[in-house]
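Enquirer: Below is a structure I'd like to ask you about.
The values are calculated or read from the model by the stated rules, or taken from the named source; none is laboratory data. Treat the numbers as computed from the prediction; the structure is a model and nothing was measured. Neighbour counts run over all protein chains shown; Cβ positions are idealised from the backbone, glycine included.
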Amino acid sequence: MITLFHHPKTRSTRFIFLLEELGVDYRIQQVNVRKRDGTGERDPANPHPLGKVPAILDAGTVVFESSAIALYLTDRFPQSRLGPTVGEPQRGAYLSWLAYYSGVLEPAFVSKFLKTEVPRGTAGWVVVEEALTPLVEALGRGPYLLGEHFSAVDVLYGTTFAMFRQSPLMEKSAVIDAYAERTVSRPAYQRALAREGG
Ligand SMILES: N[C@@H](CCC(=O)N[C@@H](CS)C(=O)NCC(=O)O)C(=O)O
């Protein structure tokens, strides 16, 4: 059984969503985390090396970092069809969007939030507006990032857009709005909210 180390209303909530989509047995272990307001602290029960959430434990194997957890879970439960497996045509796109999420999109949002300039050509990521362009293009081709089928990348991107689309971090986009709505209206997302304990 998978154990998810979770704290309500954080990045770990979307892994309850993914586990619900996968339809596998899992348990949630709620842990304490450090908060921006100075409250909270690292929880010794959390195996994440920085004390962050999410992290998972699967029969002695610890996995941390959202993109790695998404890939691990969809490889571990391929019958769910929530992530193309090695040799499938969409595998390359799947890996690319997973890496892009942590390596490009999140840093772009955080840079904008912190009002930090993104140095042209050297940062490894770009400003939010540029980071969104290929995503909007991909979403213009299909309801989901990989086309017709919902996958674990949509769990990451769809929930992030649902959170930020009303904020000054993002310009309004009808394509992204509709995609965010499609993602969070899934029954598994509603079940996740009911289980997350926030
Ligand atoms: N890059 C990590 C980020 C995880 C992260 O920063 N989680 C926040 C909650 S949303 C956290 O655990 N914060 C507590 C801390 O930084 O100590 C991932 O995507 O999994």
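Enquirer: Does the stretch 77-89 include one or more residues that are assigned to a loop (DSSP other than H, G, I, E, B), of a type in the set (Val, Ile, Thr) and out of contact with any Leu (no Cβ under 6 Å at 6 or more places or on another chain)?
Expert: Yes, the stretch 77-89 contains at least one residue that is assigned to a loop (DSSP other than H, G, I, E, B), of a type in the set (Val, Ile, Thr) and out of contact with any Leu (no Cβ under 6 Å at 6 or more places or on another chain).
Enquirer: Is it fair to say residue 169 is assigned to a helix (DSSP H, G or I) and under 24 Å from residue 10 (Cα atoms)?
Expert: No, not satisfied.
Enquirer: Here is a list of conditions, (1) modelled with pLDDT under 95; (2) among the basic types (Lys, Arg); (3) closer than 24 Å to residue 145 by Cα, and residue 36 meets all of them except one; can you say which number that is?
Expert: That leaves (3) as the condition not met.
Enquirer: Inside the stretch 26-39, can you point out the residues that are touching a residue at least 24 places away in the same chain (Cβ under 8 Å) and either closer than 24 Å to residue 97 by Cβ or of a type outside the set (D, E, K, R) (or both)?
Expert: Passing the criteria: 26, 28, 29, 30, 31, 32, 33.
Enquirer: Whether any residue in the stretch 62-73 is more than 25 Å from residue 130 (Cα to Cα), without any contact (Cβ under 8 Å) to a residue 12 or more places away in the chain and touching a helix residue (DSSP H, G or I) at 6+ places or on another chain (Cβ under 7 Å) is what I want to check.
Expert: Yes, the conditions are met somewhere in the stretch 62-73.
Enquirer: Okay, moving on. Going through the stretch 16-53 one residue at a time, which ones are within 13 Å of the ligand (Cβ to nearest atom), of a type in the set (Lys, Arg) and over 16 Å from the mean Cα position of the chain (by Cα)?
Expert: 34, 35, 36, 42
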